[in-house]
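Take a look at the structure set out below.
Derivation of every value follows stated rules applied to the coordinates shown; laboratory data play no part. Fair warning: this is a prediction, and the values are worked out from it, not measured in the lab. Cβ coordinates were reconstructed from backbone atoms using ideal geometry, including for glycine residues, and neighbour counts include every protein chain displayed.
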Amino acid sequence: MRILLVEDEIKVGNAVSEGLRAEGYGVTWAQTGEEGFFHASSQGFDLIVLDVMLPGRDGIEVLQTLRKQGAKTPVLLLTAKDAIEDRVLGLDAGADDYLVKPFAFAELTARLRALLRRNKPESAGVLTIAGLEIDPIRRIVSRESQRIDLTAREFELLEYLTRNHGRVVSRQMLARDVWQETDRATPLDNVIDVHIARLRRKMDDPFETKLLHTVRGVGFTLSEDNS
């Protein structure tokens, strides 16, 4: 997931961008409204975190212009103003959510995940990779025309890996996005490893080409590349 952060406060920008990268997001950080508008207009992002009070072109103006141009990217506004009229102004300008400074990073990431889920494209099409077919609507999995029976959790795990095809996903990402666990005191690493092993036995072991790979010390990836 690619996030554009537009924030002129160095301390806040550093903390948010570093925190989001640690969570597995790709982050582009712009420090002015003009720079943010340029990135938003010329690149594809899954979500924009936009500060309202910016030097030069403020966040509201940037947002209004993006919406007038037809941009559909979800936008979360950051602001030090917490009056009702300020929130209404931001939402009427086209914001999808609003977060008042100072904020807890955990709340920011929770709001981002909610926005990403809400704006996730409909997945009516069958996902395919090297003979593996996943039907997200009917929740049916097959490989080389052979039906593969998975538990609900195994299906969610495989769908997530498939949507991140070719990308290494960490156990932390799986715990957050598949298990929906963010505040658990005990890591889910062992649970995740057990499900990965079961999934591998079902969808990989019977076939010559292996798709599910462990990247030691990093995580897992679903890829045709065996190197």
- Query: Between Glu133, Glu208, Glu156, which gets the highest mean-square fluctuation from a Gaussian network model of the chain, Cα cutoff 10 Å?
  - Reply: Glu208
- Taking the Cα centre of the chain as origin, work out the dipole magnitude from +1 charges on Lys and Arg Cβ and -1 charges on Asp and Glu Cβ, in debye rounded to 20. 600
- Under 16 Å Cα-Cα from Lys72, which lysines qualify once same-chain neighbours fewer than 8 residues away are excluded? Lys120
- Note on the structure: In the chain, whole DSSP H helices that both stretch 15 Å or further along their axis by alpha carbon positions and average at least 0.0 on the Kyte-Doolittle scale are 10-22, 105-118
- Query: Taking the C-alpha atoms of the chain, how large are the radius of gyration and the largest Cα-Cα span, Dmax, in Å?
  - Reply: 20.1, 62
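Please report the net charge: other residues with Cβ closer than 13 Å to the Cβ of Asp8, K and R +1, D and E -1.
Details: positive: Lys11, Arg57, Lys101; negative: Glu7, Glu9, Glu34, Glu35, Asp51, Asp58.
Residues close to Asp8 contribute a combined charge of -3.
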- If R0 = 35 Å, then Arg67 and Leu127, at their Cβ-Cβ distance, give a FRET efficiency to the nearest 0.05 of 0.65
- Message: Run the helix sum for the chain: -39,500 (n - 2.57) per DSSP H stretch of 4+ residues, divided by residue count, reported at 222 nm to the nearest 500 deg cm²/dmol.
- Response: -12000 deg cm²/dmol
- Query: For the chain, what's the relative contact order in percent, using C-alpha pairs closer than 8 Å and at least 6 residues apart?
  - Reply: 12
- Item | Chain lengthening between Asp205 and Ser42 when straightened (0.36 nm per residue, less Cα-Cα) | 54.3 nm
- With Rg and the Kirkwood Rh both taken from Cα atoms, where does Rg over Rh land for segment 127-222? 0.95
- Message: Suppose every Lys and Arg Cβ carries +1 and every Asp and Glu Cβ carries -1, with no other charges. What dipole size does segment 2-118 come out with about its Cα centre, to the nearest 20 debye?
- Response: 440
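Taking Rh as the Kirkwood radius computed over C-alpha pairs, what is the Stokes-Einstein D of segment 2-118 at 25 °C in a medium of viscosity 0.890 mPa s, expressed in µm² per second? Write down the numbers at each step before the final one.
Values: Rh = 13.9 Å.
For these conditions, the coefficient is 177 µm²/s.
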- Sticking with the crude label model, points 7 Å out along Cα→Cβ, report the distance from Glu224 to Met53 in nm, one decimal please. 5.3
- Message: With a 10 Å cut-off between alpha carbons and a GNM built on the chain, which of Val27, Val88, Val75 moves the most?
- Response: Val88
